[in-house]
Amino acid sequence: MTEWVGMKWLMEQTGIKSNAAIRKRILDPHKEELCQFVRYPEKQGQPWQFSRVHMTNWLRNNVV
């Protein structure tokens, strides 16, 4: 079963303190690859969701 975590978790894992910076450096450039385990918001105000296990592995294997 997938454990879904939010943007706050990703900020803690990366040390990046701004949503805009995470989007610019990680989420937008790698969207095609990440969409397998990241739930991108469909409209403003919806939360980002990340599969904890898959995102952790991706971060470990990719220099960002």
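The values are calculated or read from the model by the stated rules, or taken from the named source; none is laboratory data. Since the structure is predicted, the reported quantities are computational estimates derived from the model, not experimental observations. Quick reminder, even Gly has a Cβ in these numbers, built from the backbone with ideal geometry, and neighbours come from all protein chains shown. Remember, those area values only see protein heavy atoms, side chains included, never the ligands or the DNA or RNA. Shrake-Rupley method; radii C 1.70, N 1.55, O 1.52, S 1.80 Å.
Couple of notes before you dig in:
- Close amide H contacts of Q49 (hydrogens built in the peptide plane, cut-off under 5 Å, sequence separation of 5 or more or a different chain): R39.
- Answer label for P(r) over Cα pairs in 10 Å bins from 0, in percent (calculated), chosen among (1) 21, 65, 14; (2) 22, 49, 25, 4; (3) 19, 39, 27, 14, 1: (1)
- In a simple Cβ point-charge model (Lys, Arg +1; Asp, Glu -1; nothing else charged), region 8-64 has a dipole of about 180 debye relative to its Cα centre.
- For the set M7, M55, M1, the ranking by accessible area, highest first and with no ligand, DNA or RNA atoms included, is M1, M7, M55 under a 1.4 Å probe.
- Charged neighbours of V5, selected by a Cβ distance under 13 Å, balance to +1 (K, R count +1; D, E count -1).
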